[in-house]
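Reviewing the structure listed below.
The values are calculated or read from the model by the stated rules, or taken from the named source; none is laboratory data. This structure is a prediction, so every number in the text was calculated from the model and none was measured. Positions of Cβ are backbone-derived with ideal geometry, glycine not excepted, and every protein chain shown enters the neighbour counts.
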Amino acid sequence: MLLLGIETSCDDTATAVVRDGVHVLSNVSTNQDEFHAKYGGIVPEIASRRHAALLSAAVDDALTRANVSLGELDGIAVTSGPGLIGSLVVGVAAAKALAFATGLPLYAVNHLHGHLFAAFLERDEPPPYPFLALLVSGGHSQLVEVHSPVSLRIIGKTRDDAAGEAYDKTARLLDLPFPGGPALDALARNGDPKAIAFPRHRPDPGTLDMSFSGLKTSVRYFLTSDAGKRARREDVAASFQAAVVDVLIDRVARALDAGEYRALVLSGGVAANSALQTAFRLLGEQRSIPAYVPERRFCTDNAAMIAAAAERRGDAASADPRTLVADPNLRFA
Ligand code: KG4
Ligand code: ZN
């Protein structure tokens, strides 16, 4: 199928044209960082207004770059949740309008399914089922067992902050600019990951859950201590990052001990992190299981992954333009 993808769940206004859930003919994304930076985080009202201002041109842009007309499409895929309600409704309203105007089938995609199927983009061989996915974004941190595109099970999740949230909050403690994750990643490259022994918190041995809020608090206390005042910011960043990566990799390793999987898949905005990518691939080598890491442009929010998920999920994603509503709390599995 030739699908137009639309993604506006948070602060990226993203559109894409994807063939067969694999070949990305265009992938357009306008981030709004400059509008939110002075507030140190995303302001929902600003995000939805920017989406409303940009989306129509972004749809045209994706079609033009792909050299495809609306009439050549086989369907329209849109993120219907979870996310910021004001942001979601802009994308959903646009997709419904397009579906009405063209008569094309409409697909409603869960943003997290989008992240999972990002690993299928621009790849000759898709990850084989069942695979184990580590989904780490700004709002979620989960281990997901994927048996088929429509059979998924969350086997572990964060008890508090998501990994991306921990990055963003810690970046703020280090006075790094918004968005914090990529800035902290860059700073950590020049630091010593062993300089400070931040805690690796793993909730009860019997579960695959994780926790990051204690780590963030440790960084906060450390920075106000005498040692913290003397420490290099690069070392604090690298040591924080080492703790996050250790916890995440430990959870994946334990899940591999307990279950039978044919592949590992990394996804979500934090999957763009260089240290996490390296550790994830290394774990795959050590356990002799192929590790799939999406291209960086498909890790953070994008619309190509939404089209990929709609393609894989097919009928399960099919939606009626008369009744589809955005759902900020849309359930995942
Ligand atoms: O998936 P995503 O783009 O949006 C959500 O669905 O939340 O993920 C955004 C999160 C943010 O917390 C951002 O700081 C984090 O991903 N992130 C990173 C990196 N790039 C983005 N975290 C660590 N290292 C990176 N290179
Ligand atoms: Zn996301």
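Data for the structure
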read-out	value
Unmet requirement for residue 267, which otherwise passes all of (1) out of contact with any His (no Cβ under 6 Å at 6 or more places or on another chain); (2) modelled with pLDDT of 95 or more; (3) within 13 Å of residue 116 (Cβ to Cβ); (4) not aliphatic (A, V, I, L, M)	(1)
Some residue of the stretch 93-104 being buried (at least 19 other Cβ atoms within 10 Å of the Cβ) and not in a helix (DSSP H, G or I)	yes
Selection count, the stretch 267-284, where residues are small (Gly, Ala, Ser) and within 16 Å of ligand 2 (Cβ to nearest atom)	5
Test: residue in the stretch 56-66 that is out of contact with any strand residue (DSSP E or B) (no Cβ under 7 Å at 6 or more places or on another chain), in a helix (DSSP H, G or I) and within 16 Å of ligand 2 (Cβ to nearest atom)	no
Residue pairs meeting the criteria (Cβ under 8 Å; at least 6 apart or on separate chains; first among the basic types (Lys, Arg), in the stretch 111-123; second more than 12 Å from ligand 1 (Cβ to nearest atom))	123/22; 123/292
Residue in the stretch 280-302 that is within 30 Å of residue 55 (Cβ to Cβ) and of a type in the set (Asp, Glu) present	yes
Selection status of residue 262, under 17 Å from residue 180 (Cβ atoms), surrounded by fewer than 21 Cβ atoms within 10 Å (Cβ to Cβ) and of a type outside the set (Gly, Ala, Ser)	no
Helices (runs of 4 or more DSSP H) completely within the stretch 228-333 that count 3 or more residues being outside the structural domain of residue 51 (by TED's automatic domain parsing) and aliphatic (A, V, I, L, M)	233-258, 274-286
Residue within the stretch 149-161 that is among the polar types (S, T, N, Q), more than 16 Å from ligand 2 (Cβ to nearest atom), out of contact with any Leu (no Cβ under 6 Å at 6 or more places or on another chain) and without any contact (Cβ under 8 Å) to a residue 12 or more places away in the chain present	yes
Whichever residue in the stretch 117-150 is away from ligand 1 (no atom under 12 Å from the Cβ) and of a type in the set (Ser, Thr, Tyr) and, among such residues, is farthest from residue 18 (Cα to Cα)	129
Residue among 304, 237, 279, 317 that alone is modelled with pLDDT of 95 or more and more than 16 Å from ligand 1 (Cβ to nearest atom)	317
Hits in the stretch 295-328 - residues which are free of Cβ contacts under 8 Å to residues at least 12 places away in the same chain and closer than 22 Å to residue 138 by Cα	none
Residues within the stretch 183-213 that are assigned to a helix (DSSP H, G or I) and at pLDDT below 95, tallied	1
Per-region count, the stretch 138-151, residues closer than 23 Å to residue 212 by Cβ and touching a strand residue (DSSP E or B) at 6+ places or on another chain (Cβ under 8 Å)	6
Residue among 138, 164, 156 that alone is assigned to a strand (DSSP E or B) and within 30 Å of residue 218 (Cα to Cα)	156
